[in-house]
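Engineer: Structure provided below as structure tokens; questions to follow.
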Amino acid sequence: MSNKSNLGNRLALTTALAGILFAGYGGRSVYAGTCVGAVGAYTCSGTANSGTDITQNLAYAGAPALSVTTTAGFGIDTSVSGGMAVYLDKISGIGDLLFTDTNAAAITGDNIGIHARNRGGGAISITTTGVVTGTGANSTGIYASNNGTNLLIDARADVSGGSVGIGAYNYGNGEISVITTGVVTGTNLDGISVYNSYFYTTDMLIDTQADVSGGFTGIFVRNYGAGTTTIITAGVVTGTNRDGIFGRNSPISTNLLIDAQADVSGRSTGIDVINAGVGMTSITTAGVVTGTDFSGIYARNLSTSTNLLISAQADVSGYRDGVEAHNKGSGETSITTAGAVTGTRYSGIYAIQ
């Protein structure tokens, strides 16, 4: 396997953008797309106008929650003025950070569409029903960083960024969930990038109901927490220059579960997973899986893991092997296929225990 431990590069790209903080507005004038309020409660209204819209910087310290909602017709576009469209900063205190859009708001930022940062003790919850876009070459559609408890992103329309579509990073003590209904695109890096920090974080869930694509990796997941990693895809997943789906579990993680219900393809590997945790690895595919330069499906269990189960119900192909499975764990290895499995250079199925 080639070097895939470039999480630092990903975080450097996204956090460098996220670190651009804007001064507060004091008494805000009403621009075309504007968020106003006080004591942690803000309402966003007005239609988008790229000629006048500027970053909405909504920061709050203390309890209760920082809560932001939208009205019908709200939109914002900072692609001309630069920076983020909406910046949410829960500086301290117990209380959640909530962004709730039920009005199909179109949110466009030059470097980040929505940036949510929780430095307090609560959860992050982001719900979008309109298109969210980062327009710059190194931009992110939705970026969330949490030092509190749970982190939830529920994107019900398309999300895209010049670098990453959705980036979710949990440094707190809860679980992380990224649920998407619309198409997610990261033009130059990852469609979806998700990271659970060490020890205190728990489960990870990525559930995509439409296509996901990245210029590098389609879905990139690292779980250093103590829970299960679950990736469910109902749309096509594409990694243009590396992997379709990339998943890693740390030594304190448990199960690593992938259910790919549509096609998955990568320039290197279609599905690439390593489980260093204490649970099982299960990969189920219903669509065609393709790895152009390496293997179609590559799965490895380290010595602390248990079962390694692969069920491929459609064709799988790779330059090296179609399916490559290494199980150094204590459980069984099971590979079931219903379609053609092809390895151009070596084997259709290669398994070692």
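Engineer: Being surrounded by fewer than 24 Cβ atoms within 10 Å (Cβ to Cβ), modelled with pLDDT of 95 or more, charged (D, E, K, R) and farther than 16 Å from Ile352 by Cα is true for just one of Asp315, Asp243. Which residue is that? Can you show your working first?
Structural biologist: Numbers: Asp243 fails: surrounded by fewer than 24 Cβ atoms within 10 Å (Cβ to Cβ).
After applying the criteria, what remains is Asp315.
Engineer: Oh, and also: I need a count of the residues in segment 24-40 that are at pLDDT below 90 and not in a strand (DSSP E or B).
Structural biologist: 10
Engineer: For residues in segment 319-353 being small (Gly, Ala, Ser), within 29 Å of the chain's Cα centre (by Cα) and outside any strand (DSSP E or B), which is surrounded by the most Cβ atoms within 10 Å (Cβ to Cβ)?
Structural biologist: This residue is Gly322.
Engineer: Has segment 302-314 got any residue that is closer than 28 Å to Ser197 by Cβ and small (Gly, Ala, Ser)?
Structural biologist: Yes, some residue in segment 302-314 is closer than 28 Å to Ser197 by Cβ and small (Gly, Ala, Ser).
Engineer: Out of curiosity, is Asn111 in contact with a Gly (Cβ under 6 Å, 6 or more places away or on another chain) and modelled with pLDDT of 95 or more? Break it down stepwise before answering.
Structural biologist: Values: in contact with a Gly (Cβ under 6 Å, 6 or more places away or on another chain): yes; modelled with pLDDT of 95 or more: yes.
Yes.
Engineer: Next question, about the same structure. Here are Thr230, Thr281, Thr208, Thr217: which of them is under 18 Å from Asn307 (Cβ atoms), among the hydroxyl-bearing types (Ser, Thr, Tyr), at pLDDT 95 or above and under 13 Å from the mean Cα position of the chain (by Cα)? Let's see the steps before the verdict.
Structural biologist: Details: Thr281 fails: under 13 Å from the mean Cα position of the chain (by Cα); Thr208 fails: under 18 Å from Asn307 (Cβ atoms); Thr217 fails: under 18 Å from Asn307 (Cβ atoms).
None of the other options fit; the residue is Thr230.
Engineer: A further question on this structure: Kindly indicate whether Ser177 is touching a strand residue (DSSP E or B) at 6+ places or on another chain (Cβ under 6 Å), surrounded by fewer than 22 Cβ atoms within 10 Å (Cβ to Cβ) and either in the same structural domain as Gly291 (by TED's automatic domain parsing) or not hydrophobic (A, V, I, L, M, F, W, C) (or both).
Structural biologist: yes
Engineer: Looking at (1) on the phi > 0 side of the Ramachandran plot; (2) at pLDDT 95 or above, find the lone condition where Asn57 falls short.
Structural biologist: All conditions pass for Asn57, except number (1).
Engineer: Let me spell it out: the conditions are (1) modelled with pLDDT of 95 or more; (2) buried (at least 24 other Cβ atoms within 10 Å of the Cβ), and Thr102 meets all of them except one. Which number is the exception?
Structural biologist: It fails just one condition, (2).
Engineer: Would you confirm whether any residue within segment 149-168 is surrounded by fewer than 24 Cβ atoms within 10 Å (Cβ to Cβ), touching a residue at least 40 places away in the same chain (Cβ under 8 Å) and within 20 Å of Leu58 (Cβ to Cβ)?
Structural biologist: Taking every residue of segment 149-168 in turn, none turns out to be surrounded by fewer than 24 Cβ atoms within 10 Å (Cβ to Cβ), touching a residue at least 40 places away in the same chain (Cβ under 8 Å) and within 20 Å of Leu58 (Cβ to Cβ).
Engineer: Pick out the one residue from Thr290, Thr284, Thr238 that is surrounded by fewer than 21 Cβ atoms within 10 Å (Cβ to Cβ), in contact with a strand residue (DSSP E or B) (Cβ under 6 Å, 6 or more places away or on another chain) and outside any loop (DSSP other than H, G, I, E, B). So that I can check it myself, show each step before the final result.
Structural biologist: Details: Thr290 fails: surrounded by fewer than 21 Cβ atoms within 10 Å (Cβ to Cβ); Thr238 fails: surrounded by fewer than 21 Cβ atoms within 10 Å (Cβ to Cβ).
Being surrounded by fewer than 21 Cβ atoms within 10 Å (Cβ to Cβ), in contact with a strand residue (DSSP E or B) (Cβ under 6 Å, 6 or more places away or on another chain) and outside any loop (DSSP other than H, G, I, E, B) holds for just one of Thr290, Thr284, Thr238, which is Thr284.
Engineer: Could you pull out the residue among Arg156, Arg117 that is at pLDDT 95 or above, out of contact with any Gly (no Cβ under 8 Å at 6 or more places or on another chain) and basic (Lys, Arg)? Give the steps one after another, and end with the answer.
Structural biologist: Working: Arg156 fails: out of contact with any Gly (no Cβ under 8 Å at 6 or more places or on another chain).
Criteria check complete, one pass: Arg117.
Engineer: Suppose we keep only residues that are closer than 25 Å to Arg156 by Cβ and part of a strand (DSSP E or B) within segment 247-278. Which one would you say is nearest to the chain's Cα centre (by Cα)? Please lay out each step first, then the result.
Structural biologist: Of all residues in segment 247-278, those closer than 25 Å to Arg156 by Cβ come to 247, 257-264.
Filter once more, keeping what is part of a strand (DSSP E or B): 247, 257-260, 264.
Working: Gly247: 12, Leu257: 16, Ile258: 15, Asp259: 16, Ala260: 16, Val264: 16 Å.
Ranking the candidates gives Gly247 first.
Engineer: Thr43 passes all but one of (1) buried (at least 24 other Cβ atoms within 10 Å of the Cβ); (2) out of contact with any helix residue (DSSP H, G or I) (no Cβ under 7 Å at 6 or more places or on another chain); (3) at pLDDT 95 or above; (4) farther than 16 Å from Tyr169 by Cα; which number fails?
Structural biologist: (1)
The values are calculated or read from the model by the stated rules, or taken from the named source; none is laboratory data. Not measured: the values here are computed from a predicted model. Because the Cβ atoms are built from the backbone with ideal geometry, glycine has one as well, and the counts that use them run over all protein chains shown.
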